[in-house]
Amino acid sequence: AGILYVVATPIGNLGDITERARKLLTEVDLIAAEDTRETLKLLRHFGITAKLVAYHDHNEEAMAARLVGDLEAGRSIALVSDAGTPLISDPGYRLVAAARAHGLAVVPIPGVSALICALSASGLPSDRFLFLGFPPRGGKQRRALLESIAHEPGTLGFYESGKRIIATLNDLRDTLGAGRRAVIARELTKRFETFLSGSAGELIERLEADAAQRLGEMVLLVEGHQAAVDLDGRVESERVLGILCDALP
Ligand code: SAM
């Protein structure tokens, strides 16, 4: 049977492609790509010609079955997403799970992921972290999610768009308290790579004052619970006080 390779690709700087990824993308029988146009740009840059099929959120189930058939027929497949590591807030889970369920070999070709890239240079504790992907778009659901992880001790990691970052920071401040440090890692590995750090309130001020800071792609990291609470629990008491104040007429 063929092998399914899960291949990470750069998140902006094409210099971050690995030698193994380049070699594999040239050699496989088929590349299953989230968006074939995006992947074509990458392949063209490296002078790779390959057979591409679209594998995305909308056809995942049907395509997973078809690709498992291809693997069983002996064809090798590389799974790629538009950028970074497949399956990390990107399609691929169903295909990998189906391949495993059929006893097929799945080989990771590791590389960049925006989350790890951001965490590695953020200055926030990195020994323990919780990745939450994109927060819900609706305010109510977003606040419910944040409340459910208010006591998580590890650093929290989110992917967020520039359109919603201020709303999300507002909800962070309201649900987790004003005291936590947060970091926005924007346009990683690209020309305008920027790290902004501060409390949610300070970050909101920065982003409101400078719209350019809301452009492009960003990872939002937030200090975990214990790290934020000082010895006498002052920050926690501020959080409780905030909730109480909001509840008062
Ligand atoms: N699978 C990808 C990975 O491993 O990083 C993530 C895919 S997800 C659909 C895209 C989100 O990742 C963006 O909205 C942004 O939050 C984050 N991201 C991707 N590239 C980035 C970059 N160069 N700088 C900052 N964040 C990035």
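Listing for the model above:
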item	result
Residue in region 54-72 that is touching a residue at least 12 places away in the same chain (Cβ under 8 Å), within 21 Å of residue 14 (Cβ to Cβ) and crowded, with 17+ Cβ neighbours inside 10 Å present	no
Given (1) in contact with a helix residue (DSSP H, G or I) (Cβ under 8 Å, 6 or more places away or on another chain); (2) at pLDDT 95 or above, index of the condition residue 239 fails	(2)
Every residue from region 63-111 that is in a loop (DSSP other than H, G, I, E, B), of a type in the set (Ser, Thr, Tyr) and more than 9 Å from the ligand (Cβ to nearest atom)	76
Residue match in region 112-126 (condition: loosely packed, with under 13 Cβ neighbours inside 10 Å, in a helix (DSSP H, G or I), at pLDDT below 95 and more than 11 Å from the ligand (Cβ to nearest atom))	no
Some residue of region 150-165 being closer than 15 Å to residue 198 by Cα and hydrophobic (A, V, I, L, M, F, W, C)	yes
Where residue 47 falls short, out of the listed (1) part of a helix (DSSP H, G or I); (2) among the small types (Gly, Ala, Ser); (3) surrounded by fewer than 16 Cβ atoms within 10 Å (Cβ to Cβ)	(1)
Residue 199 touching a strand residue (DSSP E or B) at 6+ places or on another chain (Cβ under 9 Å), more than 15 Å from the ligand (Cβ to nearest atom) and either among the β-branched types (Val, Ile, Thr) or in contact (Cβ under 8 Å) with a residue 24 or more places away in the chain (or both)	yes
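The values are calculated or read from the model by the stated rules, or taken from the named source; none is laboratory data. Every value quoted in this text rests on a predicted model; they were computed, and no experiment measured them. With ideal geometry, Cβ positions are generated from the backbone for all residues, glycine too; neighbour counts draw on all protein chains shown.
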